[in-house]
């Protein structure tokens with residue numbers, strides 16, 4: 001592990017043999033629930049770097065595992081575009097956790113990561129001890145997907161970091177007036193990789209764009225309410241960007257009705273998806289996890305603790 005970066009790299013094999021990657025922050029045996037971080041569609045483990053450092057160094061430090069799905073970050077690209085699905089990616093996450101001997105954890109899912117959590121609730125509900133959904137719910141607004149289609153096709157290929165920041169501001173600036181220059185710089189560092197020639201390229205398989213470009217948004221999108229309702233017994237924190245086009249305020253209200261114990265935070269000046277390292281979010285997430293774990297211990301018979 002690099003003392004300056006604060007994490008170690010972990011490589012493992014997917015069920016179909018693909019080489020996949022995750023970042024590991026913090027101590028293996030911290031005595032608290034580990035935290036599993038799942039990024040959005042074309043994003044990677046670097047999105048969670050600042051939050052993972054925070055959670056691994058609080059008064060109740062936690063081991064944090066941030067995944068690169070297949071075709072993203074340091075995970076291998078899949079030659080079969082048909083394998084870029086939420087179901088297969090959920091299986092990849094379970095394979096990684098099995099390789100790390102993690103049987104239960106708190107999960108933080110941004111966008112697609114939150115959809116994967118819904119699937120994990122059906123495949124392996126016992127592994128979910130607490131959930132943070134970042135700007136995602138059981139209903140996805142077509143306008144949000146249309147916006148994603150717009151800025152992914154074609155994905156910008158800037159010639160410099162300054163140009164990359166400008167491109168992201170053009171695509172997202174209207175929805176994120178609260179971001180500082182440092183926030184935009186972190187976004188670019190997470191989104192792009194630098195080639196040996198010094199070029200910046202989006203750090204994901206270009207074929208992923210096709211999985212979104214082919215969606216017919218003129219038809220109603222299927223919802224995941226049955227999957228969400230199956231999570232009703234699990235402590236849940238939902239975070240929504242006030243300017244989000246993907247998760248509506250109405251859906252967030254309905255989520256609270258169907259999960260009465262759910263906590264909710266609306267982040268002003270941000271859209272899809274809020275930067276979890278900004279403002280009071282790291283402290284709020286840590287406090288939510290601590291409270292959920294404390295209540296879990298209280299509810300257990302003494303001989304199970």
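Quick note: the coordinates plus some simple rules give every number you see, no bench work behind them. All values derive from a computational prediction rather than experimental measurement. Don't worry about glycine lacking a Cβ; one is built from the backbone with ideal geometry, like all the others, and counts go over all protein chains shown.
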Checklist entry - Hey, rough spin-label estimate for residue 149 and residue 174, points 7 angstrom out along Cα→Cβ, what's it come to in nanometres? => result 1.7 nm
Checklist entry - Taking the Cβ-Cβ separation of residue 242 and residue 162 as r and a Förster radius of 22 Å, what is the calculated FRET efficiency to the nearest 0.05? => result 0.20
Checklist outcome for this item: Taking 171-179, 70-78 and ranking on average Cβ neighbours within 10 Å, highest first, one gets 70-78, 171-179
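Mind sorting 63, 157 by how few other Cβ atoms lie within 10 Å of their own Cβ, fewest first?
By the 10 Å Cβ count, ascending, the order reads 157, 63.
Under 1.5 on a/c is rounded, so check that first for the chain, then, if it is not, pick prolate when a/b is larger than b/c and oblate when it is not; a ≥ b ≥ c are the square roots of the alpha carbon gyration tensor eigenvalues. Each step should come with its number before you reach the end.
Working: a/c = 1.40, a/b = 1.23, b/c = 1.13.
Rounded, because the longest to shortest axis ratio a/c is under 1.5.
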Item to check | Residues of region 18-38 with amide N under 15 Å of a point placed 7 Å along Cα→Cβ from residue 227 | outcome: 38
Checklist entry - Bin by bin, in steps of 5 Å, what percent of the Cα pairs in region 184-249 do you find, going until the bin that has the longest distance? => result 3, 10, 10, 15, 17, 17, 15, 8, 3, 1, 0
Checklist outcome for this item: Note: residue 201 to residue 5 extended length (0.36 nm per residue) minus current alpha-carbon separation gives 68.4 nm
Item to check | Inter-label distance, nm, simple model (7 Å from Cα along the C-beta direction), residue 126/residue 104 | outcome: 1.0 nm
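Looking at region 1-130 only, what percent of DSSP beta bridges run antiparallel? Nearest 5 please.
Values: 12 of 21 bridges.
Here the share of antiparallel DSSP bridges comes out near 55 percent.
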Next on the checklist: If each DSSP helix of 4+ residues adds -39,500 (n - 2.57) and the sum is divided by the residues in the chain, what number results at 222 nm, nearest 500 deg cm²/dmol?
Outcome noted: -10500 deg cm²/dmol
Checklist entry - Quick one: length gained pulling residue 216 to residue 182 fully straight, 0.36 nm per residue minus the C-alpha distance? => result 8.6 nm
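How far, in nm, would the chain grow between residue 194 and residue 27 when pulled straight, counting 0.36 nm per residue and subtracting the alpha carbon separation?
Length gained, residue 194 through residue 27: 57.1 nm.
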Checklist entry - In what order do 111, 160, 30, 56 fall by count of nearby beta-carbon atoms within 10 Å, going from fewest to most? => result 160, 30, 56, 111
Next on the checklist: Can you classify region 55-155 as rounded, prolate or oblate using the Cα gyration tensor, where a ≥ b ≥ c are the square roots of its eigenvalues, rounded means a/c under 1.5, and otherwise it's prolate if a/b beats b/c and oblate if not?
Outcome noted: prolate
